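A short write-up of the structure that comes next.
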Amino acid sequence: MTDAVNSLNFGGTYATSQKSDPSEISMDDFLKILSASMSNPTVSAGGGESGGNAGTDYIGQFVQFTTLQQIKEIGDGLNQSVRMSQQQQAFEMLGREVSVRDGEEIVTGKVEKVRFVDGYATIVVGGNEYYMSGIQEIGEKI
């Protein structure tokens with residue numbers, strides 16, 4: 001895997017991954033904000049009006065942040081797995097006769113090619129490109 005996994009070990013060092021979206025907050029950004037708010041507790045606690053223990057609030061926020069980040073990474077991994085599975089299925093359809101929905105019509109023909117659009121597989125039947133979701137029926141290899 002090329003992406004580094006954000007982690008925090010008991011020694012206090014951490015590795016950060018690159019942000020793909022500038023609006024996302026990285027582990028490094030979060031730890032900087034956490035460090036700044038811990039070093040100035042009167043600002044983060046609203047002048048002492050906070051009802052809870054600020055130390056446990058920081059730990060809770062950190063746990064929530066890392067959990068959210070791990071869930072996002074799991075989702076990204078699942079998305080990649082789905083694409084790979086779909087690509088493999090598309091390759092197995094080469095040379096088979098298929099029926100594909102094209103608007104209100106059903107087009108039948110041999111799968112001539114497999115193409116990829118943004119990582120998702122499409123098939124070419126009769127010179128036209130169709131998404132795999134449009135397949136209605138798959139027959140034998142011709």
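Every number here is computed from the coordinates shown, using simple stated rules; none is lab data. All values reported here derive from a predicted model rather than from experimental measurement. Neighbour counts run over all protein chains shown; Cβ positions are idealised from the backbone, glycine included.
Miscellaneous remarks
- Residues Glu73 and Lys141, FRET efficiency given R0 of 35 Å [Cβ-Cβ distance, rounded to 0.05]: 0.35
- In this simple spin-label model, placing a label point 7 Å from the Cα along the Cα-to-Cβ direction at both Gln61 and Ile25 gives a separation of 0.7 nm.
- In order along segment 125-142, phi translates into HN-Hα couplings of 10, x, x, 10, 9, 10, 6, 4, 5, x, 5, 9, 7, 10, x, 6, 5, 9 Hz, rounded to whole numbers, per the Karplus curve 6.51 cos²θ - 1.76 cosθ + 1.60 with θ = phi - 60° and x for Gly and Pro.
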